[in-house]
Amino acid sequence: MKRKIKIWLFRIMVTGLFIAGLLLVIIINPFLTYANKTKHHNFSIYHNKSYDPKLNAILDQAEVLLNTSEIYHHNLQLDICLNEGSGYTNLIKAIRGQAFAWGFYDKVVLQGTMNCHENYLMLNDYKWNLTQLLTHEMIHCLQFDKYGIFKSKPLADIPNWKWEGYAEYIARQNVYQKDLKNNMKRLLESNQKQWDIMFEDSTISSREYYNYWILVQYCLDIKKMSYNELLNDKTNENALQTEMLNWYHRN
């Protein structure tokens, strides 16, 4: 009886390892689940429908934003996986949950409906600026490339506000987003009961990410910290928020 149990446990373990390995192969190789691949500079775009060339300009704008990051380097090759009925996006959703997009390793996976003409991605009737969304997720790829798997989230114990806030900081560079005082004014005047905050172009940020973003903006723009210095800084998040609020009222 014990021998049979050991055999079944061994079979279950082997089956589990096989399934995990198969999923890993699919995740690393999105071409297995897409009909088409279009190359644009350092980007490989995987899609099932006709390719919209307007996406090229949006990717170029995202790379301009990326170039403002201290962890940017020009030779990183990225896969952009569009949400066009591919099993790939459904697989990532099943593993990581629903989101506007996910960025990991060298992959950016979109999960909403993309509108290149008006530069947004829609999910559950909310619009996220497409250029900024792509930039945000690409920053996560750069973070992984810079710091490695064991010093990146989710394995590394890095506060979410530093990890996600930096991605938002690099992405949010429209003319009405550059000034921290204006950003804090928008936050303080918003409806505190709503989970989102709307920008002038009718796209949104989640309130959580918005708070992360402006705190990073305060540290980098006002306190003149580098991102590496911010990662190593031990100041409590609540203490920084109080400090930032005091700075805002003084100015």
Among Lys127, Lys162, Lys153, Lys193, the single one that is crowded, with 16+ Cβ neighbours inside 10 Å and modelled with pLDDT under 95 is Lys153
Of the residues in the range 61-76 that are at pLDDT 95 or above and surrounded by fewer than 14 Cβ atoms within 10 Å (Cβ to Cβ), the one that is farthest from Leu231 (Cα to Cα) is Val64
Log entry, pairs with first residue in the range 54-75 being over 19 Å from Lys146 (Cβ atoms), second being part of a loop (DSSP other than H, G, I, E, B) and of a type outside the set (A, V, I, L, M), beta carbons closer than 7 Å, six or more apart or on different chains, reads Lys54/Cys116; Lys54/His117; Leu55/Cys116; Ile58/Cys116; Ile58/Asn119
For the range 220-234, the count of residues that are free of Cβ contacts under 8 Å to residues at least 40 places away in the same chain and surrounded by 12 or more Cβ atoms within 10 Å (Cβ to Cβ) equals 4
The condition of being of a type outside the set (A, V, I, L, M, F, W, C) and free of Cβ contacts under 8 Å to residues at least 60 places away in the same chain holds, among Lys181, Lys193, only for Lys193
Val175 fails exactly one of (1) of a type in the set (Val, Ile, Thr); (2) in the same structural domain as Met122 (by TED's automatic domain parsing); (3) outside any helix (DSSP H, G or I), namely (2)
Only unsatisfied item for Cys141, checking (1) out of contact with any Gly (no Cβ under 6 Å at 6 or more places or on another chain); (2) at negative phi, is (1)
So, first residue in contact (Cβ under 8 Å) with a residue 24 or more places away in the chain in the range 27-52, second residue part of a helix (DSSP H, G or I) and surrounded by 18 or more Cβ atoms within 10 Å (Cβ to Cβ), Cβ within less than 7 Å, six or more apart or across chains; the pairs are Pro30/Tyr88; Thr33/Tyr88; Tyr34/Tyr88; Phe43/Leu59; Ile45/Leu55; Tyr46/Pro30
Exception for Ile170 within (1) more than 17 Å from Gln217 (Cα to Cα); (2) among the aliphatic types (A, V, I, L, M); (3) surrounded by 16 or more Cβ atoms within 10 Å (Cβ to Cβ) falls at (1)
For Lys146, indicate whether it is within 20 Å of Asp79 (Cα to Cα), outside any helix (DSSP H, G or I) and not aliphatic (A, V, I, L, M).
-> no
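Take the range 49-60 and flag every residue that is out of contact with any strand residue (DSSP E or B) (no Cβ under 6 Å at 6 or more places or on another chain) and buried (at least 16 other Cβ atoms within 10 Å of the Cβ).
Within the range 49-60, Asp52, Leu55, Ile58 meet the criteria.
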Within the range 200-219, the residues that are surrounded by fewer than 20 Cβ atoms within 10 Å (Cβ to Cβ) and at negative phi are Glu200, Asp201, Ser206, Arg207, Glu208, Asn211
Met198 vs (1) without any contact (Cβ under 8 Å) to a residue 60 or more places away in the chain; (2) more than 21 Å from Met122 (Cα to Cα): all pass except (2)
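Looking at the range 92-107, can you tell me whether even one residue there is part of a helix (DSSP H, G or I), surrounded by 16 or more Cβ atoms within 10 Å (Cβ to Cβ) and of a type outside the set (Ser, Thr, Tyr)?
Yes, some residue in the range 92-107 is part of a helix (DSSP H, G or I), surrounded by 16 or more Cβ atoms within 10 Å (Cβ to Cβ) and of a type outside the set (Ser, Thr, Tyr).
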Checking Asn232, Asn236, Asn183 in turn, the sole residue that is under 21 Å from the mean Cα position of the chain (by Cα) and polar (S, T, N, Q) turns out to be Asn183
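The values are calculated or read from the model by the stated rules, or taken from the named source; none is laboratory data. It should be emphasised that the depicted structure is a prediction, and the values quoted were computed from it without experimental measurement. Don't worry about glycine lacking a Cβ; one is built from the backbone with ideal geometry, like all the others, and counts go over all protein chains shown.
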